[in-house]
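Here is the structure we will look at, set down as structure tokens.
The values are calculated or read from the model by the stated rules, or taken from the named source; none is laboratory data. In this text, all values refer to a predicted model and were calculated from it rather than measured experimentally. Every residue, glycine as well, gets a Cβ built from its backbone with ideal geometry; the counts of neighbours run over all protein chains shown.
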Amino acid sequence: MTVTSRMSRRHDKVRLCNRPTHSFCPMAQQLTPGAIQRLKTAPSEDLDVLKSEYIVQILSLKKIGAATVNGPDRYRIIISDGVYYMQAMLATPLNRVVLDNTLARGSIVSLEKLTCNYLKDKRYALRVFALVRLGIEYFIGS
């Protein structure tokens, strides 16, 4: 089943994978090793980092409020590759996947479209525009 945003950007989407997950299924093997480290440490000129797909787990979802007075709410997520974790922001067209509980703590997702803002060559904001939910599991890693 594909869920596509009707917002102004065609690339904002979430696809659901109907593949069943079981408690004995080793989802940890599916997480992209070193994904968080690569996203955190890549130089700003390395655009391939943002074009790659990463399979990570959602550790936390938090509503942080609107950027403007009448703007839509925004959500901060904490993602993990099973070893490291980092913060990211969901693009506002993806708010509906949080509100309808398609995306929740423990979800295993494939990040498909990312952007990043830099300040003095330091990455300070990773934004997620498209993701695929692969399943939901207990927390993986340490």
TODO: Please state which of the following conditions Thr115 fails to meet, knowing it meets all the rest: (1) at pLDDT below 90; (2) under 12 Å from the mean Cα position of the chain (by Cα); (3) of a type outside the set (Asp, Glu); (4) closer than 17 Å to Ser60 by Cβ.
DONE: (4)
TODO: Go through (1) touching an Asp or Glu at 6+ places or on another chain (Cβ under 8 Å); (2) on the phi < 0 side of the Ramachandran plot and name the single condition Val98 misses.
DONE: (1)
- [ ] Please enumerate the residues belonging to region 47-67 that are under 15 Å from Met89 (Cβ atoms) and out of contact with any Lys or Arg (no Cβ under 9 Å at 6 or more places or on another chain).
- [x] Val56
TODO: Within region 21-59, count every residue that is at pLDDT below 80, surrounded by 11 or more Cβ atoms within 10 Å (Cβ to Cβ) and assigned to a loop (DSSP other than H, G, I, E, B).
DONE: 3
TODO: List the number of the failed condition for Ile78; all other conditions in (1) at pLDDT below 90; (2) of a type in the set (Val, Ile, Thr); (3) within 22 Å of Ile136 (Cβ to Cβ); (4) outside any loop (DSSP other than H, G, I, E, B) hold.
DONE: (1)
Task: Conditions (1) assigned to a loop (DSSP other than H, G, I, E, B); (2) closer than 21 Å to Leu31 by Cα; (3) not small (Gly, Ala, Ser); number of the one not met by Asn101 - done: (2)
